[in-house]
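To start, the structure itself, in C-alpha cells.
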Amino acid sequence: MRVALVALGLGLAGCQLSLDDVDGVYYAPGMTTRVHCAVNLDSSAETSLASIDSGLDRAARRGEIVELYAHHPGVTVPASVIEHVLAGATARGLAFVTYADFAAGTEQYPGIALSFDDTSVDAWVATLPLLAQYGARVTFFVSRYEFLNDEARAGLHTLAAAGHAIEPHTMLHLRAPDYVEQYGLDAYMAKEFEPSQEALDAEGFATTAFAYPFGARTDELDRAILEHVGAVRSVKFTFEGEAGPCPR
C-alpha cells in the first residue's frame with residue numbers, strides 16, 4: 001500500500017505488521033459495529049503469503065472473520081495470490097462471507113470476507129471458475145457504473161447469478177472527506193453515494209453495503225451512509241505506526 005500511503009501524505013513508518021496482529025480486520029461473534037475494515041491484497045501492499053496465512057490461521061483459531069480486498073485480478077493482484085487465499089480458507093474450514101451477510105446479520109464463523117473494488121468486471125468474471133472451485137462467495141464493490149458498457153453490466157449480473165454480492169463504491173471514486181469538506185455532506189450523498197446505490201438497485205441488485213474509495217471515511221459519513229445500508233467497509237494499513245481511516 002505504499003502508493004496509497006504516499007497519496008495520503010503519511011509516508012512509511014517502518015516494519016510491516018503480520019496480518020494476525022492487525023486487529024481491525026477481524027469481525028468476531030458478538031460485535032455490533034457496522035463499520036468494517038479490510039487489508040489490501042494487491043501487490044503494492046506487500047502483504048506476503050506468510051502474512052496472509054497468519055491471518056487465516058487467526059480467524060480459524062479464534063472463530064473470527066478476516067476481511068481482505070483487492071482490485072484487478074491478474075493486474076493489481078496475481079491470480080496465484082487469490083487462489084492461495086481461497087485454498088487456504090477452504091483448508092482451514094473458513095466460511096465465505098459477503099458484506100450482504102454482514103448487513104443482514106447472517107455471517108458465519110470462522111470465515112473470510114473477500115471483496116474486489118472498482119470496475120474490472122471482465123477480470124472478475126474470468127475468476128468465476130476459480131471462485132466456484134472453492135465454493136467461494138465474494139463481494140464486488142462497483143464504482144463508475146454509468147461508464148460501464150453493456151458487456152460489463154451483463155457481467156455484473158453473471159457474477160450475481162453465481163451467488164456473489166454486487167454493492168456500490170460511488171460514482172466517480174472520489175475521496176469522501178475531501179469532497180465533504182469542499183462541497184458538504186449533502187452534496188456528497190447526492191452526487192457520489194446515492195446515484196451509485198440507486199443505479200445498482202435499478203438493475204435489481206438490492207444493495208445493502210458500501211465501500212469507501214481509498215477507505216477514506218469519517219464518523220459523519222458513516223452515520224449518513226448507514227441510514228441507507230447495513231454495513232460500510234474501510235481499509236486498514238499494515239505498516240506499523242501508520243494512521244489510517246479504519247476506526248478501530
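The values are calculated or read from the model by the stated rules, or taken from the named source; none is laboratory data. Just so you know, these numbers come straight off a predicted model, no measurement behind them. Cβ sites come from the backbone with ideal geometry, for glycine too, and all protein chains shown count toward neighbours. Just the protein is used for accessible areas: all its heavy atoms, side chains included, with ligands, DNA and RNA removed. Shrake-Rupley method; radii C 1.70, N 1.55, O 1.52, S 1.80 Å.
Computed in the context of the full set of protein chains, the accessible area of the stretch 33-78 at 1.4 Å probe radius has 53% of its extent on carbon or sulfur.
Prolate is the label for the stretch 14-58, because the ratio a/c of its alpha-carbon gyration tensor axes (a ≥ b ≥ c) is 1.5 or higher and a/b is greater than b/c.
Once both labels are positioned 7 Å from their Cα atoms along Cα-to-Cβ, the gap between ASP219 and LYS191 label points is 2.6 nm.
Treat every Asp and Glu Cβ in the chain as -1 and every Lys and Arg Cβ as +1, leave all other atoms uncharged, and give the resulting dipole magnitude about the Cα centre to the nearest 20 debye.
500 debye
By the Cα gyration tensor, the stretch 117-248 has an equivalent ellipsoid whose semi-axes, rounded to whole angstrom, run 26, 19, 13 from largest to smallest. Across the stretch 222-228, coupling constants 3J(HN,Hα) worked out from phi with the 6.51/-1.76/1.60 Karplus curve, θ = phi - 60°, read 3, 4, 5, 6, 6, 6, 10 Hz, and Gly and Pro carry x. Take the Cβ atoms of GLN108 and GLU146, set R0 to 45 Å, and the FRET efficiency comes out at 0.85.
What a 1.4 Å probe finds exposed on the stretch 100-220 is 49% carbon and sulfur by accessible area, rounded to a whole percent. Figure legend: label point modelled 7 angstrom from the Cα of ALA162 along Cα→Cβ; residues of the stretch 81-105 with amide N under 18 Å from it are 81-90, 96-100. Counting heavy atoms of the protein chains alone, HIS72 has an accessible area of about 60 Å² for a 1.4 Å probe. Amide H to amide H, with H built 1.01 Å from N, SER115 comes under 5 Å of LEU68, TYR69, ALA70, THR139, counting only residues 5 or more places away or on other chains. Measuring r between the beta carbons of ASP122 and GLU83 and using R0 = 25 Å, the FRET efficiency lands at 0.85. When the chain is described by a simple charge dipole with +1 on each Lys and Arg Cβ and -1 on each Asp and Glu Cβ, the residue from LEU159, LEU94, THR76 located farthest towards its positive end is LEU94. Solvent exposure of the chain amounts to 41 Å² per residue of accessible area, where only protein heavy atoms count and the probe is 1.4 Å.
Could you tally the net charge around PHE96, taking each other residue with its Cβ under 13 Å from the Cβ of PHE96, Lys/Arg +1 and Asp/Glu -1?
-1
The Rg/Rh ratio of the chain, with Rg taken over Cα atoms and Rh as the Kirkwood radius over Cα pairs, comes to 0.93. For the stretch 9-111, the convex hull spanned by the alpha carbon atoms encloses 113 Å³ per residue. With just the Cα atoms defining each centre, how far is the stretch 13-32 from the stretch 209-248? Give it in Å. Using only Cα atoms to place each centre, the spacing works out to 14 Å. With both residues required to sit in the chain, DSSP beta bridges show an antiparallel share near 10%. Judged by a Cβ-Cβ distance under 4.7 Å, the unpaired cysteines of the chain are CYS15.
So what does log10 I(q)/I(0) come out to for the stretch 128-193 at q = 0.18, 0.20, 0.28 Å⁻¹, using the Debye formula with one equal point on every Cα and no solvent? With no solvent term, the Cα-only Debye profile gives -0.74, -0.82, -1.15.
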